[in-house]
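Everything below concerns the one structure shown next.
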Amino acid sequence: MLIFVLYPLFQVFSLSFDNWSGFTAPVYIGLSNFAFLFRDPVFLQALANNFIWVIVFLVANNAAGLFLAGTLDIMGKRSARFFRIVLYFSVLLPSVVVSYLFLALYDPNIGLIDSFLRAIGLTALGSTEWLGNFHLTIYSILFSSIWQYAGFPMLIFLAAFSGISPALYEAARLDGASEWSIFWRIKIPMIRPVIITVLALTWIWNSMPFAQVWTMTQGGPGHASEVLATYVYREAFSGFQFGYASAISVILFLIIFPVVVLFVRSFEK
Amino acid sequence: MGDGPSNFSILRIPLYLWVIAWTISELFVFFWMVYSSFKTNPEFLRNIWSLPSSINFGNYINDLTGHTSPPIPIGQYLLNSAVVSSGSIIGILLISVPAGYVLSKKSRYTDLLFYFFLAMIAIPPPAILIPLVYTVRGLGLGNSFIGIILPYISFNVPFSIVLSRAFFKSFPKELEEAARMDGLSDMGVFLRMVLPLSPVIVVILLIVNFPNVWNELLYAIVLLQTNNVRTIQPGLLLFSSAFGSQWSEIFAGMVMSSLPMIVFYIIFQRYIVKAQFLGALKG
């Protein structure tokens, strides 16, 4: 593990100061890679998209999971079980598969979404290129990913809710609290530590998308849906700019680093 | 939870509808994927909603035998994925079960090591792509099973150790002490007492790791570039670079690449809550 994780981590930092095409020995060029990065419009686009991804994904995925769990928690046990089993299912599917499915759903000619919009008479909307539109593309990919993974926070929040003593609800009900305020005032505060851990985990696991973006758009159209991982891959393995790609990797690493603190803290008790 | 009529909230209606709509979308997408895989490609392109006119296994046969255009031997890729996944899982189990057990014992060193592994969880595999690929190729392991199994083990061991430590921490100490009284060594206690009682942690680690390994794409694309080792995820992607996508054959390939996950879900569904919860809460 030292060879396969830690050593490469040090290497990526040292390579980020080099000019290296993979064929000749790396040449030290100081901070030029980083200086170039912040003048590279494609990198800036990828960085912006990656930030959008992290923020939207963290908020939407966990909020969806929280409300799904909250709703399942007030249902009858048997129906909650059924919904839970179905809703978690897509979490396990390969993201390549889910991306292909959405690629077909989003297709403006044969796709399900646009033909549905046309069928209900929204012809103007019905020709939307969900993945081909410069402004929409990253959000379309995000949507598919949130759809796929919301089952994960749901499952954990649901388990956490079921660990709360029913006596607490009884007391609140006697005081005349509504279900809505029980959810906000009792359930959410009670599972706060779980929420923090789940936030940290979704951050670690989902803040550097590759498979979804690569399968659906390969970062296109142009570089409109480029994210850091696809840009690293493109620069390193089609552009042979290993030093430059390493500099991008360092930025990638910095995005996830703050979560270490959050994560380690949540385990300290 | 107890739902006295007096507390029935009107808010339930939109929430229930939302859950139902989401559930229908999951079921629909799943059935759509399965029935579309039995259509012919012209049928698919004519109308992607429609049910197949007849159940034909042509797409599956083409995929499995590699008679697609261009030839993409999905059958071979599935076998490769099976080898890579089982190799990785065995490696992960062999390392993290004993390591988790050791780290569950309290001492300065074990605590330090535990925090080390905790921090390792936050090293994202995409960030170390370039040097890792060069390390693997430098060791002469490019395009080999072992060359991808070792990185997969390394990526997944830290979280697995954290899980397995949490599991052993909840293990009753009295049993172990009784065994020691009977004269068993530390190793003996682990092999004869702890391990046989721990199929649960093996199942938990399987649940957490199998999807990670089976579904991985980035490293598989870069490290496995020949047909004899390529796994199913990058294999499926070859369809998209082929001109004039054969959607029906892609769908059959998608069903086959999801099948292990579906079977896995059916078998382990009951344990998944437990496994994920242990990870998220207990640590």
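The values are calculated or read from the model by the stated rules, or taken from the named source; none is laboratory data. Because the structure is a prediction, the values reported are computed rather than measured. Neighbour counts are summed over all protein chains in view; Cβ atoms, including those assigned to glycine, are modelled from backbone coordinates with ideal geometry.
General observations
- Search result, residues across the range A:164-177 that are surrounded by fewer than 16 Cβ atoms within 10 Å (Cβ to Cβ) and either without any contact (Cβ under 8 Å) to a residue 12 or more places away in the chain or among the charged types (D, E, K, R) (or both): A:SER165, A:PRO166, A:ALA167, A:GLU170, A:ALA171, A:LEU174, A:ASP175, A:GLY176
Per-residue answers, yes or no, for (1) buried (at least 19 other Cβ atoms within 10 Å of the Cβ); (2) modelled with pLDDT of 75 or more; (3) in a helix (DSSP H, G or I):
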residue	(1), (2), (3)
A:PRO8	yes, no, yes
A:GLY30	no, no, no
A:ALA35	no, no, yes
A:ARG39	no, yes, no
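Listed here are the residues, each with its yes/no results for (1) in contact with a Ser or Thr (Cβ under 9 Å, 6 or more places away or on another chain); (2) basic (Lys, Arg).
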| site | (1), (2) |
| --- | --- |
| A:LYS77 | no, yes |
| A:LEU93 | yes, no |
| A:ASN109 | yes, no |
| A:LEU112 | no, no |
| A:LEU117 | yes, no |
| A:THR123 | no, no |
| A:GLY126 | yes, no |
| A:LEU131 | yes, no |
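- Members of the range A:59-85 that are β-branched (Val, Ile, Thr) and facing another protein chain (nearest Cβ under 8 Å): A:THR71, A:ILE74, A:ILE85
- Of all residues making up the range A:125-171, the number that are within 10 Å of chain B (Cβ to nearest Cβ), farther than 17 Å from A:ILE188 by Cα and charged (D, E, K, R): 0
- Count of the range B:9-67 residues which are in contact (Cβ under 8 Å) with a residue 24 or more places away in the chain and among the basic types (Lys, Arg): 1
- Leading residue by the ranking (modelled with the highest pLDDT) among those in the range B:26-50 that are facing another protein chain (nearest Cβ under 7 Å) and surrounded by fewer than 16 Cβ atoms within 10 Å (Cβ to Cβ): B:LEU27
- Residues that are more than 10 Å from chain A (Cβ to nearest Cβ) and of a type in the set (Val, Ile, Thr) number at least 1 in the following helices (runs of 4 or more DSSP H) confined to the range B:92-208: B:108-121, B:145-169.
- Selection of helices (runs of 4 or more DSSP H) fully inside the range A:151-269 by the criterion of at least 1 residues being more than 17 Å from A:TRP53 (Cβ to Cβ) returns A:151-162, A:166-174, A:179-182, A:192-206, A:228-237, A:242-267.
- Residue among A:GLY132, A:GLY121, A:GLY126 that alone is touching a Leu at 6+ places or on another chain (Cβ under 6 Å) and farther than 30 Å from B:VAL263 by Cβ: A:GLY126
- Selection count, the range B:213-248, where residues are without any contact (Cβ under 8 Å) to a residue 60 or more places away in the chain and among the polar types (S, T, N, Q): 4
- Single residue of A:GLY76, A:GLY70 found to be surrounded by fewer than 23 Cβ atoms within 10 Å (Cβ to Cβ) and in contact with a Lys or Arg (Cβ under 9 Å, 6 or more places away or on another chain): A:GLY70
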